[in-house]
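Here the structure is laid out as structure tokens; the discussion comes afterwards.
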Amino acid sequence: MKNAESKAAADLVENGDSIILDSGSTTIEIAKQLVNHTKLTIITNDLYIASTVAFHPSTQVMVTGGMKRKT
């Protein structure tokens, strides 16, 4: 079911789009479906998506930053 949902979501993305992917198992599956799209701008806070998924070379991946909490 998750694979069908992620493919349906990825099918809504067109080459050249800018999208935001939050962290989570479903968004990881969506990211995997986007590897052949071109000229995307992907903004994510998920380090797994940013470092592991091999997007098309024309895709730009931006990772959001934040503040480290003091423990």
- From the list [x] 38, 15, 11; [y] 36, 13, 7; [z] 22, 15, 9, can you say which value of semi-axes √(5λ) of the Cα gyration tensor in Å was derived from the structure given? [z]
- Message: I want to check the label-to-label distance for THR41 and MET62. Put each point 7 Å from Cα in the C-beta direction and report it in nm to one decimal.
- Response: 0.5
- Query: What accessible surface, in Å², does a 1.4 Å probe find on GLU5, ignoring ligands, DNA and RNA and rounding to the nearest 10?
  - Reply: 100
- Filtering trypsin sites (Lys or Arg not before Pro) in the chain by DSSP loop and by at most 11 other Cβ atoms within 10 Å leaves LYS68, ARG69, LYS70
- Message: Can you say what percent of the DSSP beta bridges in the chain, counting only those with both residues inside, are antiparallel? Round to 5.
- Response: 0
- For the chain, size of Cβ-based charge dipole, Lys and Arg +1, Asp and Glu -1, in debye: 400
- Item | Computed over the chain: relative contact order in percent, which uses C-alpha pairs under 8 Å that are six or more apart | 29
- Calculate for the chain the 222 nm mean residue ellipticity that helices alone would give, adding -39,500 (n - 2.57) per DSSP H run of length 4 or more and normalising by residue count, nearest 500 deg cm²/dmol. -9500 deg cm²/dmol
- Message: Using a 1.4 Å probe on the protein heavy atoms only, what accessible surface does THR44 show? Give it in Å² to the nearest 10.
- Response: 0
- Query: Averaged per residue, what accessible area in Å² does the chain show with a 1.4 Å probe, protein chains only?
  - Reply: 71
- Given a 1.4 Å probe and the protein chains all in place, what does the accessible area of VAL13 round to, in Å² to the nearest 10? 20
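The values are calculated or read from the model by the stated rules, or taken from the named source; none is laboratory data. Owing to the predicted nature of the structure, the values given are computational and were not obtained by experimental measurement. Note that we place each Cβ from the backbone using ideal geometry, even for glycine, and neighbour counts take in every protein chain shown. Surface areas here come from the heavy atoms of the whole protein model, side chains and all, with no ligands, DNA or RNA. Shrake-Rupley method; radii C 1.70, N 1.55, O 1.52, S 1.80 Å.
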